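The values are calculated or read from the model by the stated rules, or taken from the named source; none is laboratory data. Since the structure is predicted, the reported quantities are computational estimates derived from the model, not experimental observations. Reconstructed Cβ throughout: ideal geometry from the backbone, glycine too, with neighbour counts over all protein chains shown. To get the accessible areas, we keep the full protein, side chains included, count just its heavy atoms, and leave off ligands, DNA and RNA. Shrake-Rupley method; radii C 1.70, N 1.55, O 1.52, S 1.80 Å.
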Amino acid sequence: MTKIVNHWIGGKTAEGASGTYGPVTNPATGEVTTKVAFASVEEVDAAVAAAKEAFRTWGQSSLAQRTSILFRFRALLDAHRDEIAGLITAEHGKVHSDALGEVARGLEIVDLACGINVQLKGELSTQVASRVDVASIRQPLGVVAGITPFNFPAMVPMWMFPLAIACGNTFVLKPSEKDPSASVRLAELLAEAGLPEGVFNVVHGDKAAVDRLLEHPDVKAVSFVGSTPIARHIHTTASANGKRVQALGGAKNHMLVLPDADLDAAADAAVSAAYGSAGERCMAISAVVAVGAIGDELVEKIRERAEKIKIGPGDDPASEMGPLITAAHRDKVASYVAGAADEGAEVVLDGTGHTVDGYENGHWIGISLLDKVPTTAKAYQDEIFGPVLCVLRAGTYEEALDLVNASPFGNGAAVFTRDGGAARRFQLEVEAGMVGVNVPIPVPVGYHSFGGWKDSLFGDHHIYGNDGTHFYTRGKVVTTRWPDPADAPAGVDLGFPRNH
């Protein structure tokens, strides 16, 4: 019997009423294993209504109540991390170790939310004028929504909802319809931790569900992670409807390798950062810029390592890389490799014909490595979101920096060098929101914020960290003046001596 994934509304499972379902595939076999209910406008409205009703009390709840629930949720999440990783592998295809790492990174933000007390404390200035005090406080927004991608079905939602609900908001999540089970399991664990009904809701669906959230008058803010074209649409549409928006888009992350770098370390980093999770991550290194005469040696070292990666089903402990999420996505990734030579690139490794014995119908693609890629090639210009690494050549640091900064994306960038002065210049001069020095994937820890520049971010706030807390709250300044008790009206004795 095919598994059915339903919505989660008002603290319980809500069976799909629209009659429309989407297929969920095991990427390793190509088999449809699950159907996910697609929400109608009415079902989205029901989730928002449940969240709005819950906010009446949750928004007034104490910090102690919120954090105690989050502490219990964290313990449950830790206890069930292997189970959640299994759900991710079954529907996304990534290997189990990658899935476990995803849960661990989500736990970081739950940790941050458990300590939200410090981030929410206000400021007070006394005696700014005679008997006048001024206080700044932060308050929740109300109902907020999250729209999340397929590549991290547990981690990215946890970049959003723990902080949102810790700040006193209620939440409606619209996860990717390609791998929806992890989000529902998170909802069940939140309920088990004691989260009141309606504080966290999950609705599945497609563009119709998304657009309803973007226009719904009771949704006060929208968080999004996905491709740049959709991020731009989310930002434009939600902003036009008066909502606060943080929309994180695509990327083309560069890794500069300077002539003095440890080439073995750089090759190790390039392989793990380009091909980990089959390249389906917005912080993947997809472009290596070799500076000076090191290009041939670096490419050879990358090739040697890439050829040894074992590709297989994610639930096989021997597998180091799994399949892509869908057959359509696999074919799109392959098209960039197939057209690379005609656009002037040298195809060092071509993984487009890769298959896995016993899993011939899976969404397989092998490792591809393209060298001497011109900046005009589609493989360089587009976010491929697959295991394809482009190597570009630059004669000098300045030429390499100009190449990186000319990209319309500005998510992450890294430099590999032994020279501290060169590294310092790079971190100041590169136009990217997250920078690594001898670190290929500079994803910040939970108490620093994640976000890019240029076409990689639409909106003023990065995600999680201090920016996350500010995004999910709004500031209020209170100015007060009280008369001195010695000036109490005649006949009212407060025990203070009279001043006159």
Restricting the stretch 293-325 to residues that are exposed (fewer than 14 other Cβ atoms within 10 Å of the Cβ) and within 28 Å of the chain's Cα centre (by Cα), which is nearest to Ala270 (Cα to Cα)?
-> Lys310
Restricted to the stretch 396-419, and to residues that are under 26 Å from the mean Cα position of the chain (by Cα) and polar (S, T, N, Q), which residue is farthest from Gly250 (Cα to Cα)?
-> Asn405
Evaluation of Lys454 against (1) on the phi > 0 side of the Ramachandran plot; (2) in contact with a helix residue (DSSP H, G or I) (Cβ under 8 Å, 6 or more places away or on another chain) (one fails), failing number = (2)
Scanning for something part of a loop (DSSP other than H, G, I, E, B) and more than 26 Å from Asp402 (Cα to Cα), does the stretch 246-261 turn up at least one residue?
-> no
Odd one out for Leu100 among (1) surrounded by 19 or more Cβ atoms within 10 Å (Cβ to Cβ); (2) part of a helix (DSSP H, G or I); (3) in contact with a helix residue (DSSP H, G or I) (Cβ under 9 Å, 6 or more places away or on another chain) = (1)
Any chance the stretch 64-78 includes a residue that's open to solvent by less than 10 Å² (accessible area, probe 1.4 Å), in a helix (DSSP H, G or I) and either at pLDDT below 95 or more than 21 Å from Ala145 (Cβ to Cβ) (or both)?
-> yes
Within the stretch 32-54, restricting attention to residues that are in a helix (DSSP H, G or I) and free of Cβ contacts under 8 Å to residues at least 40 places away in the same chain, which residue is nearest to Thr170 (Cα to Cα)?
-> Ala46
Filter the stretch 326-364 for residues that are assigned to a loop (DSSP other than H, G, I, E, B) and touching a Gly at 6+ places or on another chain (Cβ under 6 Å); the one that is most open to solvent (accessible area, probe 1.4 Å) is Asn361
Tally, over the stretch 17-31, of residues that are touching a residue at least 40 places away in the same chain (Cβ under 8 Å) and within 26 Å of Glu192 (Cβ to Cβ) | 1
Residue pairs qualifying under the 6 Å Cβ cut-off, at least six apart or on distinct chains, with the first in the stretch 106-133 being within 22 Å of Phe450 (Cβ to Cβ) and touching a residue at least 24 places away in the same chain (Cβ under 8 Å) and the second being among the aromatic types (Phe, Trp, Tyr) and assigned to a helix (DSSP H, G or I), are Ile109/Trp159; Cys114/Phe71
